[in-house]
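In what follows, a single structure is set out as structure tokens and then discussed.
The values are calculated or read from the model by the stated rules, or taken from the named source; none is laboratory data. Bear in mind the structure is a predicted one, so any value in this text is a computation, not a measurement. Here the Cβ positions follow ideal geometry from the backbone for every residue, glycine too, while neighbour counts run over all protein chains shown.
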Amino acid sequence: MTTHLTLRTSPPHQGGTPAVDLPAAGPQGQRTLLDRHGRVARDLRVSLTDRCNLRCTYCMPAEGLEWLPTEQSLSYTEVTRLIRIAVELLGIRQIRFTGGEPLLRRELAEIIAFTSALRTDEDKPVQTALTTNGLGLDKKAGKLHAAGLNRINISLDTIDAERYKTLTRRDRLKDVLAGIEAAIDAGLEPVKINAVVMPGVNEEDIVPLARYCLEQGAQLRFIEQMPLGPRDQWKRSEMVTAADILAHLQQEFSLTPAVEPRGSAPAALWEVAEYPGEHIGVIASVTHSFCGDCDRSRLTADGAIRNCLFANTETPLRELLRSGATDTELATAWAQAMWGKLPGHGIDDPGFLQPRRTMSAIGG
Ligand code: SAM
Ligand code: SF4
């Protein structure tokens, strides 16, 4: 039988959860990151920096953002402590490092090595993954793989050099392509490519990107643009939907739905008859949200827990961490933050409020 503790958030967050019935912890303070809608978070996204060397128009303003001062970012010791608590006390089994641009974090390989050495509640190694823009990856892929990195997602929205320059405000397409090659050569498996499609910007890149990835043996996943960037960059009525993306692809390729079970993975996978064994994924984050199966928790570079990309509240752990809290106290605050997760992102609700943090500051 599950026993419950009643905890009170202090002070109550705006729109947050003033009092919650949180399942009690085990003898060593172990819990799962359960929410009150029955979902359990097993997948943690850790943002290692809010800084970036690109300025993708849908993510950041041209001048960048006001970066976190170093003392407000979690140190190596702090971030690895929270990762250990997440795995050993909270049942996290997979960790994806992101940013900003995680390759800019000096201790990235050391953080990956630390994480890979942890064992999950099923006594298996923690799975590690990285989401990166790929700049500088040509020099780092081998080292990261050797440190224990299991999977990598590289973001690439066009393979046209001019459009890449316009879209990211930097002339770096060649570097990304070199990074993708290096990741494949280093034996990272699978290498996935993330592409966001925006109206009037890169719809004509859908087919060339697909061809490039199919030829390379990298799995391309198209992602619907979400309202998480500069405020004037997204309109629900104008967005390119998963259905639009599929229609473009179907003009060139014969696609059939892949048979593998999807589980909590957000991408609907398609088999491509012209490239046997290869798949293309489409992530309909807006038009067919997968909130009901969401198994994610997020830790920002300044030490806040977010239970959803779109949450308007978050639970800061940094001050608790710096004021001498025990592992069990930190785990309890984290579990409480997840317990209050809302059932869905609410993008289509009339009262939807875009979060204050952009994707780069949350960690996509
Ligand atoms: N800098 C790294 C990169 O670009 O891969 C990691 C951080 S970035 C915020 C993570 C992912 O979020 C990227 O694949 C990016 O394309 C995606 N992203 C950023 N803003 C987005 C938005 N408004 N809607 C959908 N995806 C977005
Ligand atoms: Fe940087 Fe990634 Fe945002 Fe582009 S999407 S500006 S690479 S954080």
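Only one of Leu118, Leu108, Leu156 is within 16 Å of ligand 2 (Cβ to nearest atom), among the aliphatic types (A, V, I, L, M) and touching a Pro at 6+ places or on another chain (Cβ under 8 Å). Can you tell me which?
Numbers: Leu118 fails: within 16 Å of ligand 2 (Cβ to nearest atom); Leu156 fails: touching a Pro at 6+ places or on another chain (Cβ under 8 Å).
So the residue among Leu118, Leu108, Leu156 that is within 16 Å of ligand 2 (Cβ to nearest atom), among the aliphatic types (A, V, I, L, M) and touching a Pro at 6+ places or on another chain (Cβ under 8 Å) is Leu108.
Is it true that Ala62 is more than 16 Å from ligand 2 (Cβ to nearest atom) and either in a helix (DSSP H, G or I) or exposed (fewer than 14 other Cβ atoms within 10 Å of the Cβ) (or both)?
Values: more than 16 Å from ligand 2 (Cβ to nearest atom): no; either in a helix (DSSP H, G or I) or exposed (fewer than 14 other Cβ atoms within 10 Å of the Cβ) (or both): yes.
The answer is no for Ala62.
I want to confirm something. Restricting to segment 347-362 and keeping residues that are touching a Gly at 6+ places or on another chain (Cβ under 8 Å) and not β-branched (Val, Ile, Thr), which single residue is modelled with the lowest pLDDT? Before the answer, list the steps.
Within segment 347-362, the subset touching a Gly at 6+ places or on another chain (Cβ under 8 Å) is 352, 358-361.
Retained after the next criterion (residues that are not β-branched (Val, Ile, Thr)): 352, 359-361.
Details: Phe352: 73, Met359: 77, Ser360: 78, Ala361: 78.
So, considering only residues that are touching a Gly at 6+ places or on another chain (Cβ under 8 Å) and not β-branched (Val, Ile, Thr), the one modelled with the lowest pLDDT is Phe352.
Taking segment 119-129 only, how many residues are surrounded by fewer than 19 Cβ atoms within 10 Å (Cβ to Cβ), touching a residue at least 24 places away in the same chain (Cβ under 8 Å) and not polar (S, T, N, Q)?
So the answer is 4.
Can you tell me which residue among Val79, Val40, Val20, Val46 is modelled with pLDDT of 85 or more and either of a type outside the set (A, V, I, L, M, F, W, C) or farther than 25 Å from Ile223 by Cβ (or both)? Talk me through it step by step, then tell me what you get.
On the way: Val40 fails: either of a type outside the set (A, V, I, L, M, F, W, C) or farther than 25 Å from Ile223 by Cβ (or both); Val20 fails: modelled with pLDDT of 85 or more; Val46 fails: either of a type outside the set (A, V, I, L, M, F, W, C) or farther than 25 Å from Ile223 by Cβ (or both).
From the options Val79, Val40, Val20, Val46, the qualifying one is Val79.
Kindly list the number of the only condition in (1) closer than 23 Å to Phe290 by Cα; (2) crowded, with 18+ Cβ neighbours inside 10 Å; (3) modelled with pLDDT under 85 that fails for Gly29.
Checking Gly29 against (1) closer than 23 Å to Phe290 by Cα; (2) crowded, with 18+ Cβ neighbours inside 10 Å; (3) modelled with pLDDT under 85, the one that fails is (1).
State which residue is farthest from Ser73 (Cα to Cα) when the search covers only segment 85-107 and only residues that are in contact with a Phe, Trp or Tyr (Cβ under 8 Å, 6 or more places away or on another chain) and in contact (Cβ under 8 Å) with a residue 60 or more places away in the chain.
This residue is Leu90.
Residue by residue through segment 73-105, note down the ones that are more than 17 Å from the chain's Cα centre (by Cα) and within 16 Å of ligand 1 (Cβ to nearest atom).
If the condition is that a residue be more than 17 Å from the chain's Cα centre (by Cα) and within 16 Å of ligand 1 (Cβ to nearest atom), then Ser73 is the only one that fits.
Which number in (1) more than 19 Å from Tyr212 (Cα to Cα); (2) modelled with pLDDT under 95 marks the one condition that Glu101 misses?
If we test Glu101 against (1) more than 19 Å from Tyr212 (Cα to Cα); (2) modelled with pLDDT under 95, just (2) comes out false.
Can you name the strands (runs of 3 or more DSSP E) wholly within segment 80-165 that have at least 3 residues being within 28 Å of Thr332 (Cβ to Cβ)? Even if it seems obvious, please write down each step before you answer.
Details: elements: 94-98, 127-132, 151-155.
Because the criterion is at least 3 residues that are within 28 Å of Thr332 (Cβ to Cβ), the strands (runs of 3 or more DSSP E) in segment 80-165 that meet it are 94-98, 127-132.
List the pairs whose first member sits in segment 44-70 and is closer than 18 Å to Thr158 by Cβ, whose second member is within 11 Å of ligand 1 (Cβ to nearest atom) and of a type in the set (Ser, Thr, Tyr), and whose Cβ atoms are under 7 Å apart, counting only residues at least 6 apart or on separate chains?
Cys52/Ser360; Leu54/Thr168; Arg55/Thr168; Cys56/Thr168; Cys59/Thr358; Cys59/Ser360; Met60/Thr358; Met60/Ser360
Looking only at segment 330-364, count every residue that is crowded, with 16+ Cβ neighbours inside 10 Å and either away from ligand 2 (no atom under 16 Å from the Cβ) or not in a helix (DSSP H, G or I) (or both) and tell me the total.
Taking segment 330-364 first, the residues crowded, with 16+ Cβ neighbours inside 10 Å are 330-342, 344-347, 355, 357-364.
Next, only the ones that are either away from ligand 2 (no atom under 16 Å from the Cβ) or not in a helix (DSSP H, G or I) (or both) stay: 330-342, 344-347, 355, 357-358, 363-364.
Selection size over segment 330-364: 22.
When the residues of segment 303-322 are narrowed to those that are in a loop (DSSP other than H, G, I, E, B), buried (at least 19 other Cβ atoms within 10 Å of the Cβ) and not hydrophobic (A, V, I, L, M, F, W, C), which ends up modelled with the lowest pLDDT? Talk me through it step by step, then tell me what you get.
First, pick out the residues of segment 303-322 that are in a loop (DSSP other than H, G, I, E, B): 303, 307-314, 317.
In the following step, the residues that additionally are buried (at least 19 other Cβ atoms within 10 Å of the Cβ) were identified as 303, 307-311, 313-314, 317.
From the residues that got through so far, the ones that are not hydrophobic (A, V, I, L, M, F, W, C) too are 303, 307, 313-314.
On the way: Gly303: 97, Asn307: 92, Thr313: 87, Glu314: 92.
Filtering segment 303-322 for residues that are in a loop (DSSP other than H, G, I, E, B), buried (at least 19 other Cβ atoms within 10 Å of the Cβ) and not hydrophobic (A, V, I, L, M, F, W, C), the one modelled with the lowest pLDDT comes out as Thr313.
Taking segment 337-346 as the search range and keeping residues that are within 15 Å of Met226 (Cβ to Cβ) and modelled with pLDDT of 75 or more, which one is farthest from ligand 1 (Cβ to nearest atom)?
Taking the candidates together, the pick is Gly344.
Sort out which residues of segment 133-153 are within 16 Å of ligand 2 (Cβ to nearest atom), in contact with a Ser or Thr (Cβ under 6 Å, 6 or more places away or on another chain) and over 21 Å from Arg169 (Cβ atoms), and write them in order of number.
Within segment 133-153, Asn153 is the sole residue that qualifies.
What's the number of the only condition in (1) hydroxyl-bearing (Ser, Thr, Tyr); (2) under 23 Å from Gln354 (Cα atoms); (3) over 21 Å from the mean Cα position of the chain (by Cα) that Thr166 fails to meet?
(2)
Report, by residue number, each residue of segment 31-56 that is within 16 Å of ligand 1 (Cβ to nearest atom) and of a type in the set (Val, Ile, Thr).
Matches in segment 31-56: Val46, Thr49.
Take segment 32-56 and flag every residue that is over 21 Å from Arg298 (Cα atoms) and either more than 16 Å from ligand 2 (Cβ to nearest atom) or surrounded by fewer than 18 Cβ atoms within 10 Å (Cβ to Cβ) (or both).
Within segment 32-56, Asn53, Arg55 meet the criteria.
If you scan segment 203-240, which residues turn out to be assigned to a loop (DSSP other than H, G, I, E, B) and buried (at least 17 other Cβ atoms within 10 Å of the Cβ)?
Restricting attention to segment 203-240, the residues satisfying the condition of being assigned to a loop (DSSP other than H, G, I, E, B) are 217-218, 225-230, 234-240.
Scanning segment 203-240 gives Ala218, Gln225, Met226, Pro227, Leu228, Gly229, Trp234, Met239, Val240.
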